[in-house]
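**Q** So that we are looking at the same thing, I have put the structure below in C-alpha coordinates.
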2 protein chains.
Amino acid sequence: MTWSAEVIVSLKPVVNDPQGLVVRDGLRQLGFDGVRAARVGKHIVLEVDAEDEHSARELVSRMCETLLRNPVIEDHRISSLRRLEDG
Amino acid sequence: MTWSAEVIVSLKPVVNDPQGLVVRDGLRQLGFDGVRAARVGKHIVLEVDAEDEHSARELVSRMCETLLRNPVIEDHRISSLRRLEDG
(Lines give C-alpha, C1' and ligand atoms only; values in the text may rest on other atoms or scores of the structure.)
Protein backbone atom coordinates (compact mmCIF):
# COMPACT_ATOMS: atom_id res chain seq x y z
CA MET A 1 0.00 0.00 0.00
CA THR A 2 1.09 3.56 -0.65
CA TRP A 3 0.54 6.29 1.89
CA SER A 4 0.73 10.05 1.68
CA ALA A 5 2.07 11.72 4.80
CA GLU A 6 2.24 15.43 5.53
CA VAL A 7 4.98 16.42 7.93
CA ILE A 8 5.46 19.81 9.57
CA VAL A 9 9.01 20.64 10.65
CA SER A 10 9.10 23.80 12.74
CA LEU A 11 11.69 25.59 14.82
CA LYS A 12 11.35 24.99 18.55
CA PRO A 13 9.63 27.90 20.31
CA VAL A 14 12.83 28.99 22.07
CA VAL A 15 14.83 29.17 18.82
CA ASN A 16 15.19 32.51 17.01
CA ASP A 17 13.53 32.60 13.61
CA PRO A 18 15.12 35.32 11.44
CA GLN A 19 13.09 34.23 8.40
CA GLY A 20 9.90 34.68 10.42
CA LEU A 21 10.99 38.17 11.50
CA VAL A 22 11.58 39.13 7.86
CA VAL A 23 8.09 37.88 6.96
CA ARG A 24 6.53 39.80 9.87
CA ASP A 25 8.36 43.03 9.03
CA GLY A 26 7.66 42.62 5.32
CA LEU A 27 3.94 42.27 6.00
CA ARG A 28 3.99 45.35 8.25
CA GLN A 29 5.77 47.38 5.59
CA LEU A 30 3.04 46.39 3.16
CA GLY A 31 0.46 47.87 5.52
CA PHE A 32 -0.61 44.77 7.44
CA ASP A 33 -0.33 46.43 10.85
CA GLY A 34 -2.30 43.68 12.56
CA VAL A 35 0.42 41.05 12.23
CA ARG A 36 1.98 40.29 15.61
CA ALA A 37 4.30 37.42 14.80
CA ALA A 38 5.31 35.04 12.05
CA ARG A 39 7.27 31.81 12.15
CA VAL A 40 8.40 29.85 9.15
CA GLY A 41 8.83 26.09 8.98
CA LYS A 42 8.79 23.32 6.40
CA HIS A 43 5.87 21.32 5.06
CA ILE A 44 6.98 18.02 3.53
CA VAL A 45 4.69 15.63 1.67
CA LEU A 46 6.01 12.08 1.45
CA GLU A 47 4.66 9.11 -0.48
CA VAL A 48 5.79 5.88 1.11
CA ASP A 49 5.08 2.17 0.79
CA ALA A 50 4.04 0.46 4.02
CA GLU A 51 1.92 -2.52 5.12
CA ASP A 52 -0.52 -0.58 7.25
CA GLU A 53 -1.15 2.80 8.83
CA HIS A 54 0.88 2.06 11.95
CA SER A 55 3.93 1.00 9.91
CA ALA A 56 3.59 4.06 7.67
CA ARG A 57 3.50 6.38 10.66
CA GLU A 58 6.47 4.67 12.25
CA LEU A 59 8.43 4.81 8.98
CA VAL A 60 7.76 8.51 8.46
CA SER A 61 8.77 9.23 12.06
CA ARG A 62 12.08 7.48 11.49
CA MET A 63 12.63 9.50 8.31
CA CYS A 64 12.04 12.70 10.27
CA GLU A 65 14.44 11.68 13.00
CA THR A 66 17.12 10.53 10.54
CA LEU A 67 17.07 13.25 7.90
CA LEU A 68 14.18 15.67 7.83
CA ARG A 69 14.57 17.55 11.07
CA ASN A 70 17.47 18.86 13.09
CA PRO A 71 16.63 17.59 16.59
CA VAL A 72 18.66 20.34 18.26
CA ILE A 73 16.50 23.18 16.98
CA GLU A 74 13.44 21.65 15.32
CA ASP A 75 10.27 19.76 16.22
CA HIS A 76 8.25 17.66 13.83
CA ARG A 77 4.73 16.30 13.64
CA ILE A 78 2.80 14.23 11.14
CA SER A 79 -0.20 16.43 10.36
CA SER A 80 -1.92 14.00 8.01
CA LEU A 81 -1.58 10.40 6.88
CA ARG A 82 -3.87 8.85 4.29
CA ARG A 83 -3.84 5.88 1.99
CA LEU A 84 -3.52 6.61 -1.71
CA GLU A 85 -6.09 5.01 -3.99
CA ASP A 86 -3.48 3.57 -6.33
CA GLY A 87 -1.47 2.11 -3.46
CA MET B 1 -8.86 39.54 19.20
CA THR B 2 -5.71 37.72 18.24
CA TRP B 3 -5.76 34.73 15.92
CA SER B 4 -3.20 32.11 15.08
CA ALA B 5 -3.28 30.96 11.48
CA GLU B 6 -1.30 28.14 9.92
CA VAL B 7 -0.63 28.54 6.22
CA ILE B 8 0.78 25.93 3.85
CA VAL B 9 2.52 27.26 0.77
CA SER B 10 3.34 24.47 -1.67
CA LEU B 11 4.59 24.26 -5.22
CA LYS B 12 1.86 23.61 -7.80
CA PRO B 13 1.77 19.96 -8.85
CA VAL B 14 3.09 20.73 -12.34
CA VAL B 15 6.14 22.61 -11.02
CA ASN B 16 9.45 20.77 -10.61
CA ASP B 17 10.62 20.47 -7.02
CA PRO B 18 14.40 19.96 -6.90
CA GLN B 19 14.42 20.22 -3.10
CA GLY B 20 11.88 17.42 -2.92
CA LEU B 21 14.00 15.25 -5.23
CA VAL B 22 17.01 15.77 -2.96
CA VAL B 23 14.93 14.74 0.06
CA ARG B 24 13.62 11.65 -1.75
CA ASP B 25 17.07 10.59 -2.94
CA GLY B 26 18.63 11.33 0.45
CA LEU B 27 16.07 9.11 2.17
CA ARG B 28 16.70 6.32 -0.34
CA GLN B 29 20.46 6.56 0.20
CA LEU B 30 19.83 6.17 3.93
CA GLY B 31 18.03 2.89 3.22
CA PHE B 32 14.42 4.07 3.11
CA ASP B 33 13.61 2.20 -0.10
CA GLY B 34 9.87 2.61 0.38
CA VAL B 35 9.84 6.33 -0.35
CA ARG B 36 8.23 7.07 -3.70
CA ALA B 37 8.11 10.84 -3.72
CA ALA B 38 8.75 13.90 -1.61
CA ARG B 39 7.70 17.50 -2.08
CA VAL B 40 8.81 20.39 0.09
CA GLY B 41 6.81 23.49 0.86
CA LYS B 42 6.55 26.14 3.55
CA HIS B 43 4.55 26.14 6.77
CA ILE B 44 3.96 29.65 8.09
CA VAL B 45 2.35 30.43 11.44
CA LEU B 46 0.95 33.95 11.70
CA GLU B 47 -0.48 35.77 14.70
CA VAL B 48 -2.83 38.51 13.58
CA ASP B 49 -5.32 40.91 15.12
CA ALA B 50 -8.82 40.77 13.62
CA GLU B 51 -12.41 41.41 14.71
CA ASP B 52 -13.72 37.93 14.01
CA GLU B 53 -12.86 34.65 12.33
CA HIS B 54 -14.08 35.73 8.92
CA SER B 55 -11.95 38.90 8.98
CA ALA B 56 -8.93 36.93 10.20
CA ARG B 57 -9.27 34.45 7.36
CA GLU B 58 -9.71 37.19 4.80
CA LEU B 59 -6.68 39.09 6.17
CA VAL B 60 -4.43 36.04 6.08
CA SER B 61 -5.55 35.27 2.53
CA ARG B 62 -4.58 38.78 1.46
CA MET B 63 -1.19 38.37 3.13
CA CYS B 64 -0.64 35.17 1.18
CA GLU B 65 -1.62 36.77 -2.10
CA THR B 66 0.50 39.87 -1.46
CA LEU B 67 3.71 38.46 -0.02
CA LEU B 68 3.76 34.87 1.12
CA ARG B 69 3.24 32.94 -2.07
CA ASN B 70 4.41 33.28 -5.63
CA PRO B 71 1.15 32.88 -7.57
CA VAL B 72 2.95 31.70 -10.70
CA ILE B 73 4.36 28.56 -9.12
CA GLU B 74 2.76 28.17 -5.68
CA ASP B 75 -0.61 27.38 -4.10
CA HIS B 76 -1.58 28.27 -0.56
CA ARG B 77 -4.16 27.13 1.95
CA ILE B 78 -5.02 28.05 5.52
CA SER B 79 -4.76 24.73 7.33
CA SER B 80 -5.81 26.01 10.75
CA LEU B 81 -7.22 29.19 12.28
CA ARG B 82 -7.87 29.52 16.01
CA ARG B 83 -8.38 32.29 18.49
CA LEU B 84 -5.61 32.81 21.02
CA GLU B 85 -6.62 32.96 24.67
CA ASP B 86 -4.81 36.24 25.34
CA GLY B 87 -6.39 37.88 22.27
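**Q** Label points 7 Å out from Cα along the Cβ direction at B:ARG57 and B:ASP75: separation in nm?
**A** 1.8 nm
**Q** Need one number: buried accessible surface between chains B and A, 1.4 Å probe, both sides summed, DNA, RNA and ligands left out, in Å² to 100. Could the numbers behind the result be given before it?
**A** Working: alone 6200 and 6190 Å², together 9740 Å².
Buried area (both sides, nearest 100 Å²): 2700 Å².
**Q** Taking accessible area as the heavy-atom solvent-accessible surface of the protein chains with a 1.4 Å probe, which residues of segment B:47-79 lose no less than 30 Å² upon going from the isolated chain to the full protein assembly?
**A** B:GLU47, B:ASP49, B:MET63, B:THR66, B:LEU67, B:ARG77
**Q** Okay, next question. To the nearest µm²/s, what D does Stokes-Einstein give for chain B at 20 °C and 1.002 mPa s, using the Kirkwood radius over alpha carbon pairs as Rh?
**A** Answer from the Stokes-Einstein relation: 146 µm²/s.
**Q** Where the label is 7 Å out from Cα toward Cβ, how close does B:ARG77 come to the same position in every other copy, in nm, shortest first?
**A** From this label point to the equivalent ones elsewhere in the assembly: 1.8 nm.
**Q** Taking all protein chains in place and a 1.4 Å probe, what share, in percent, of the accessible surface of segment A:44-87 do carbon and sulfur account for?
**A** Details: 1180 of 2680 Å².
C and S atoms contribute 44 percent here.
**Q** Right, next: Please give the contour-minus-distance gain from A:GLU85 to A:LEU21: 0.36 nm per residue of separation, less the Cα-Cα distance, rounded to one decimal in nm. Walk me through the numbers before you get to the answer.
**A** Working: separation 64, 0.36 × 64 = 23.04 nm, distance 4.04 nm.
So the extension gain works out to 19.0 nm.
**Q** Look at the axis of the rotation that sends chain A onto chain B, then give the chain A residue with the nearest Cβ and the distance in whole Å.
**A** Residue and rounded Å distance to the axis: A:HIS43, 2.
**Q** Given the C-alpha centroids of segment A:5-33 and segment A:53-78, what is the distance between them in whole angstrom?
**A** When both Cα centres are located, 22 Å separates them.
**Q** What would the Debye equation give as log₁₀ I(q)/I(0) for the protein assembly as shown at q = 0.15 Å⁻¹, counting only Cα atoms as equal point scatterers?
**A** Per q value, in the given order, log10 I(q)/I(0) is -0.89.
**Q** Sort A:66-76, B:35-45, A:31-41 by the packing proxy (mean of other Cβ within 10 Å over each peptide's residues), most packed first.
**A** Working: A:66-76: 14.9, B:35-45: 20.3, A:31-41: 17.8.
Per-residue mean Cβ counts within 10 Å order the peptides as B:35-45, A:31-41, A:66-76.
**Q** Here is a follow-up. Output, in nm with one decimal and in ascending order, the distances from the A:GLU58 label point to the matching label points of the other copies (7 Å from Cα along Cα-to-Cβ).
**A** Here A:GLU58 shows inter-copy label distances of 5.0 nm.
**Q** With a 1.4 Å probe and all protein chains left in place, how much accessible area per residue does segment A:41-83 have, in Å²? Can you show the working numbers first?
**A** Details: 2390 Å² over 43 residues.
Value returned for segment A:41-83: 56 Å² of accessible area per residue.
The values are calculated or read from the model by the stated rules, or taken from the named source; none is laboratory data. On a predicted model such as this, the values are computed, not experimentally measured, just so you know. Note that each Cβ is placed from the backbone with ideal geometry, even for glycine, and that neighbours are counted across all protein chains shown. Keep in mind that these areas ignore ligands, DNA and RNA; they rest on the heavy atoms of the full protein, side chains included. Shrake-Rupley method; radii C 1.70, N 1.55, O 1.52, S 1.80 Å.
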